[in-house]
Amino acid sequence: MSVLRNLLIVGLLVCVAYNGYVIYRNQMASSPSEESMAAEEAPLFSEEAFTELAENRSQVAVQQVPTVLTSEQATPKDEFVANPVLENRPGSTPVIPVSASGPTTKPASRFSADTVAHEEPQPAPEEESLEIEDITPKVLSFDDAWAEIEQSEAAFTWATALEQIQRLAYREDLTDEQREQVLAKGDELAKTVIFSANKHLAKPAMTFLPGMNLEEVALDHEIPESFLRSINDWADDHNPTPGDSIKVLQGPIKLHVDLPSKTIRVAIGDLYAGHIAIGQHSIEIPEECTLSADTINEITLLSLGEVAVVIDTENQIPDANSLLVTAEDWVRLRALAGESVKVSWTDIVAPTAPTVAATDPVQEQMQTPVAAEEPLEPVDALKMEIFTPSAIAIQGKPVQYGIEITNLSDKPSDLVQAVVNLSEGIEPIKVEGHTGRIAPGQALFDPLTIDAGKSIRLTVTIETKEAGQFLIRPELQCGRPETRYATEVQLRVAAAESISAEAEKNEVEATQPKQSIAEAPQNPAKEIR
C-alpha cells in the first residue's frame, strides 16, 4: 500500500509541474518582447533607426503599395519613389523606378501611402480600329465555275458536280448558249447519279434490315415512296427482303415551275435533277401546293394544286388551268408525286404600258376634245385575216394563201392552233411562217404563242391538180383568250388550155410577180360561236 501511495503522489506532482509549465509558455507568448516594444516606440522616420535601411534602399527596387484608384485614373507604366530617409540630404535623393514585372501580391509595408510620389496619370492608348473582313461570297465567273464542274467530273465526284450545276444553271448572267451547255451536262450526270438503279454515287447504299418498310425509309430521307421505288427500278408491288441494298437520296424534292421559260426545274436536295419542258393553258397560280397523284376510276390524275398536269396530245386543246408535258415527262412527275415535294412558281410578267410623252400645255389647250371611240374589236380576243392570191389560179401551178393572226388582248395568247382544210381536188404542199405538218386535204400548224399586240402571218402553198371551184376553210382555236374562228373562201382554178385564163393571167403578170399575196385582206374571217 505504501508503494501505491508513493506512486500516486509522484503522479500528482508531475501533473502540477506540467500545468505550471504550460501556463508559463502561454504568458510568454502573449506578452511582447523588449526589442519589439523598443521598435514600436521608435519614430517611423528616424535616421538613426533606419540608417542601414537607407543605405540599402538606394540600390533596391521598391514596390508600390497597393492603392485604390478611381475609374478616371489610369495606371502609369513606370512609378518613381523617393527615399524617405535621405530625401532631406542635398544631392542624395535617388529616384528608383518601380519594376512593372514585379509580383502581383505585394508585401505589407509600414510606409504610409501619402509618402509615395505619384506622377500625373497618363491617358490610355487609343484602341486600334479593327478592319472588318469582307465575308460576302464571291461569285465565280462562268469559266471558273465550269472548270470546277469539269474537275469534279474528272475526280468522279459526280454528286458534287450536280451541286455545282444546280448553283450555276439558273444564274441570270448566263447566255442562252452557256445555260444550254450547263443543262446538257447536268442532264447527263443526273441520268446516272439519280435515276440509275444500283448506282450509289450520291449516298452509300443502305442495307434493308428486318422490321424495316419502304414508307419509313422514304420518310426518313424526305422523299416519296414512289420516287424511292423509281430510283431502285422496283414495281409498285415489289418489296425488298432483309439484306438487300437500297439506293437512297436525301430530299426534299423541289420543283420550280418557270412559266416564262416554260420549264419545270427539278432538284433532289441540293442536287440538280433535270428540267421538264411544259406548255401552258390559262394558268392560275395557286398560293401553296404540292405535286399529287390521285387515282379515280383506275385513271391517275396528276396535279399541282388546282393546276392539272396532262399529256400533250395532237389536235386536242386541253381544259383551262392545265400544264402540258410529254408522256415520258408525265411518268417522271408521277414518280415524284408526294406531300413532301416543295413547289414554287415564277409567273409571267405582264407587259408594261408604253409611256406617253407629256404634251405642251399650250398645244393641249388648243386641242379640241374628241369623244373616245369604242374599239371595233373586243380587247380580249384574236383577229384572223385571210389573204388570197390576186391572180387567177391556173391548173397545175401552185398558189399561196395567207393567214394573219393578231392578238388584240393585253396578255400573251397560248396554244393558238391554226388548221386549213381543203376540198377534194387541191392539196397543201408547204407551210411557212411557223412549223407544221401536212396531211391529205389539211395543213396543220403547231401550237404557238402570240405576245400581246403582236401578229403572225402563216402561209399555205396549195397544189392545183384539177380545174374548177374549190373551198378553203381556215380554222383558228385558242385557249386563252378562249377563241374559235372559222371562215370559207373559194378558189377558182382555170384549165391550163383556157385562152381566157391565159389572157387574164398575162394582164396580171405585167403588174405583179407570180405567186404573190395581196396586201389587202379578202373574205375576212367570221366568228363562229
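Which length gain, in nm to one decimal place, applies between residue 21 and residue 157 when the Cα-Cα distance is subtracted from 0.36 nm times their residue separation? Spell out each step's value before the answer.
Values: separation 136, 0.36 × 136 = 48.96 nm, distance 9.35 nm.
Computed gain between residue 21 and residue 157 is 39.6 nm.
Write out the GluC sites (Glu not before Pro) in the stretch 133-226 meeting two conditions: DSSP loop, and at most 14 other Cβ atoms within 10 Å of their Cβ. Walk me through the numbers on the way to the answer.
Values: sites: 133, 148, 150, 153, 163, 172, 177, 180, 188, 215, 216, 222, 225; in loops: 133, 172, 222.
Taking the stretch 133-226 and a limit of 14 other Cβ atoms within 10 Å, the loop GluC sites (Glu not before Pro) found are 133, 172.
Filter 262/465; 191/342; 411/465; 138/199 down to the pairs with a C-alpha to C-alpha distance above 32 Å, please.
Numbers: 262/465 42 Å; 191/342 21 Å; 411/465 42 Å; 138/199 34 Å.
Cα-Cα > 32 Å for 262/465; 411/465; 138/199; rest within.
List the trypsin sites (Lys or Arg not before Pro) within the stretch 138-234 that fall in a DSSP loop (any state other than H, G, I, E or B) and whose Cβ has at most 11 other Cβ atoms within 10 Å. Don't skip to the end; give the middle numbers.
Values: sites: 138, 167, 171, 179, 185, 191, 199, 229; in loops: 138, 171, 199.
When the trypsin sites (Lys or Arg not before Pro) of the stretch 138-234 are filtered for loop state and at most 11 Cβ neighbours within 10 Å, 138 remain.
Where the convex hull is taken over the Cα atoms of the stretch 132-209, what is its projected area averaged over directions, in nm²?
Numbers: hull surface 31.1 nm².
Computed as one quarter of the Cα hull surface, the answer is 7.8 nm².
Just the C-alpha atoms of the stretch 130-259: what Rg/Rh do they give, with Rh taken as the Kirkwood radius? Write out the running numbers ahead of the final one.
Values: Rg = 18.4 Å, Rh = 17.1 Å.
Ratio of gyration radius to Kirkwood radius: 1.08.
In the neighborhood of residue 217, defined by Cβ-to-Cβ distances under 14 Å, what is the net charge if each Lys or Arg adds +1 and each Asp or Glu adds -1? Walk me through the numbers before you get to the answer.
On the way: positive: 203, 229, 247; negative: 215, 216, 220, 222, 225, 244.
Combined, the nearby Lys, Arg, Asp and Glu give -3.
Which value, in Å to one decimal place, does the Kirkwood hydrodynamic radius take for the stretch 405-476 when every pair of different Cα atoms is included?
On the way: mean 1/r = 0.0763 Å⁻¹.
Kirkwood hydrodynamic radius for the stretch 405-476: 13.1 Å.
Throughout, read-outs are computed from the coordinates displayed, never taken from laboratory work. Here the structure is a predicted model, which is why all the values come from computation and not from measurement. FYI the Cβ positions are ideal-geometry reconstructions off the backbone, even for glycines, and counts take in every protein chain you see.
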